[in-house]
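Asks: First, the structure itself, so that you have it in front of you.
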Amino acid sequence: MSNTNHNPLADIFHPRSIAFAGIIISDPEHWTRNFLNGLLALKYPGPIYLVNPRGGEVRGIKVYEKFSDIPENVDYVISTVPSKASATLIRDAALKGAKAVQFCTAGFREIGTEEGRKLEQELVEAGRATGVRIIGPNCLGIYNPEACMSFRPEFPKDSGPVGFICQSGGNAATLINRVEHRGVRFSKAVSYGNACDLDESDYLEYLTGDPATKIIAMYIEGIKDGRKFRKALEKATREKPVVLLKGGATEEGARAAAGHTASLAGSFTAWETLCRQFGVIRVDSIEEMSDVLVTLTFLPEPPGRRVALIGAGGGSSVLVTDEFGRRGLEVPPLPVALQNELLEFTPAAGNILHNPIDYSQSLSTTEGLDKTMRILARWSGVDLIIWFTSLMWNETYLAKRLPVLTKSIVHQAKTFGKPLALVLEASNEPEEVKLITPFIRECAKHGLASYYSFASAANAIDKVIRNRERRQQLRG
């Protein structure tokens, strides 16, 4: 478990031992078991200590009746004990040398009662008195594949370039799972809930200095210290692309945020201004964040906005051109000389050989596709190539052809210098989702960006290019 980041949080993200206080003994399906199952699934190498007053054994691991019964010191504690017992746990953990306690327990400030506020204040005071840092409460804590830490057993075991700071546990799990088959992997992710101690600015400072993190994504409902956050954000955006999804963007959403993590959402106009000022990529949904992260992870930075489109279906060709065009991505006409090259092996009837190029007929052969891609690759008039198809137009045919086309496209991507992305537009039919998933996984394995719709591809690529342009302006 290498650790070259000297930020104090580095030790918290790389603990040598972990205790789980409050593990449920009686119900192996209880949601809290995910924490233990996640550690075991990723094969956490250090000692794992379980604590529950009933004692016993869970998955072959001894359960201690009291925290003080643990025979060794503990670096990191995962807690699901009741909120009223949380401050006591902090003091017990301190006696065992714990650096941090992650409180998954709810029932603090977010419930809006005087008792909840009092319990959270007691938690804060216990942390300050002992020097133990607090993650949460009301959170799911840390996912760090490098350190074999995970709060869900199904999360990928391999690391990647994305660091994710997420106020919501559910949104953290949703994003990690949603981009898994598209190849996006995470260096670290943290669900931090109410942020009574460690907050979004602390995590942002840490990930900015973390060499394993190349891209920073954030889901934030509210911030504790505006000045501190602004300073951390300014530094982060100088170093790395930053993607932000702001929860509580509407009046209704702000009310929901207050009940979720006790956050004050703040003025959305102020957030938009902050994003423009520092060159943050702002997104409006988990889906949009997924597309942007795929783009940042896999699509080589194109030198400009000129796009060559090649795909199946005349109507689809029109729609994809509209989507790219309305976002300021140019679709220049194919030069006559290149059209004539295509006509050498492609009949004009049944094909559109301009830009977009519709290969509905003869270009659907692997040989025709290979030749066409090579012609587009040496066309100096475009900066990137988008290959697209609509699964809805001929599902049976594509079920046979997709594996063959995958092999051809992957080979082409390795042999020419232009960025290449793929759009596979499917309906919501389960059969089509099942058909498309292996294709998406294969593309991701070879480092290709893939999207589920023309609009999502155009939107994500535009946002990433605009962000690059904005960051260049800010650097002067």
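Asks: Take peptides 269-277, 369-377 and line them up by average Cβ neighbours within 10 Å, highest first, as a rough protection proxy. Provide the component values of the computation, followed by the final result.
Replies: Details: 269-277: 14.1, 369-377: 19.1.
Peptide ranking by packing, descending: 369-377, 269-277.
Asks: Treating only the Cβ of Lys, Arg, Asp and Glu as charged (+1, +1, -1, -1), what charge dipole size does region 9-135 show about its Cα centre? Round to the nearest 20 debye.
Replies: Details: 16 positive and 15 negative charges, 46 e Å.
That gives a dipole near 220 debye.
Asks: List residues of region 85-115, by number, whose backbone nitrogen lies under 15 Å from a label position 7 Å along Cα→C-beta of ARG16.
Replies: Hits in region 85-115 for ARG16 at 15 Å: 96-100.
Asks: May I ask for the equivalent-ellipsoid semi-axes of the chain, computed as the square root of five times each C-alpha gyration tensor eigenvalue and listed largest first in whole Å? Could you put the intermediate results ahead of the total?
Replies: Working: eigenvalues 458, 116, 67 Å².
Each semi-axis is √(5λ); the values are 48, 24, 18 Å.
Asks: Could you pull out every residue, at least 5 positions away or on a different chain, whose amide H is within less than 5 Å of the one on ILE78? Hs are placed 1.01 Å off N in the peptide plane, and Pro or chain starts have none.
Replies: ALA19, PHE20, ALA21, GLN102
Asks: Could you give the nm distance between label points at ILE25 and ARG91, where each point is 7 Å from its Cα heading toward the beta carbon?
Replies: 2.5
Asks: Between THR366 and ARG466, what is the FRET efficiency for a Förster distance of 35 Å, r being their Cβ-Cβ separation, to the nearest 0.05?
Replies: On the way: r = 36 Å, r/R0 = 1.02.
Between THR366 and ARG466 the formula returns 0.50.
Asks: Modelling each spin label as a point 7 Å along the Cα-to-Cβ direction, I'd like the THR269/HIS446 distance in nm, to one decimal.
Replies: Taking the two extended label points, one gets 5.0 nm.
Asks: Cross-link list LYS96/LYS157; LYS43/LYS434; LYS66/LYS96; LYS62/LYS188: which exceed 21 angstrom alpha carbon to alpha carbon? All intermediate terms of the calculation are to be shown ahead of the outcome.
Replies: Working: LYS96/LYS157 29 Å; LYS43/LYS434 30 Å; LYS66/LYS96 12 Å; LYS62/LYS188 29 Å.
Table pairs above 21 Å Cα-Cα are LYS96/LYS157; LYS43/LYS434; LYS62/LYS188.
Asks: With the crude spin-label approximation of a point 7 Å out along Cα→Cβ, what separation in nm comes out for THR32 versus GLU330?
Replies: 6.1
Asks: Excluding residues fewer than 8 places away in the same chain, name every one of the lysines whose C-alpha is closer than 19 Å to that of LYS414.
Replies: LYS371, LYS445
Asks: Now, a different point. Once you keep just the Cα pairs under 8 angstrom separated by 6 or more residues, what percentage relative contact order results for region 9-135? Spell out each step's value before the answer.
Replies: Working: 207 pairs, mean separation 29.5, N = 127.
It comes to 23 percent, rounded to a whole number.
Asks: Cα-based Rg (one decimal) and Dmax (whole number) for region 141-297, in Å?
Replies: Radius of gyration, then largest Cα-Cα span, for region 141-297: 14.3, 40 Å.
Asks: Still on this model: So between ASN73 and THR415, what do we pick up on full extension, going 0.36 nm a residue minus the alpha carbon distance?
Replies: Details: separation 342, 0.36 × 342 = 123.12 nm, distance 5.42 nm.
Additional length available on full extension: 117.7 nm.
Asks: Summing +1 for each Lys or Arg and -1 for each Asp or Glu, what net charge is found among the other residues whose Cβ lies under 11 Å from the Cβ of LEU42? Kindly include the intermediate steps, with their values, before the conclusion.
Replies: Details: positive: LYS43, ARG152, LYS157; negative: GLU146, GLU154, ASP158.
Surrounding charge for LEU42 is 0.
Asks: Okay, moving on. When the helices in the chain are scored as -39500 (n - 2.57) per DSSP H run of 4 or longer and the sum is shared across all residues, what 222 nm value do you end up with, to the nearest 500 deg cm²/dmol? Write out the running numbers ahead of the final one.
Replies: On the way: 16 runs with 200 residues, N = 476.
Calculated at 222 nm, the ellipticity per residue is -13000 deg cm²/dmol.
Asks: Further question: Taking a cut-off of 19 Å between Cα atoms, list the aspartates and glutamates near LYS84, but don't count ones fewer than 8 places away on the same chain.
Replies: Filter leaves GLU65, ASP92, GLU110, GLU114, GLU115, GLU120, GLU122, GLU125, ASP197.
Asks: Can I ask one more? What is the projected area of the convex hull of the Cα atoms of region 51-116, averaged over all directions, in nm²? The partial results should precede the final answer.
Replies: Values: hull surface 20.1 nm².
Average of the hull's projected areas for region 51-116 equals 5.0 nm².
Read the figures in this text as sums done on the coordinates, not as results from a lab. None of the values given here were measured: they were computed from a predicted structure. Here the Cβ is made from the backbone with ideal geometry for all residues, glycine too, and neighbour counts use every protein chain on show.
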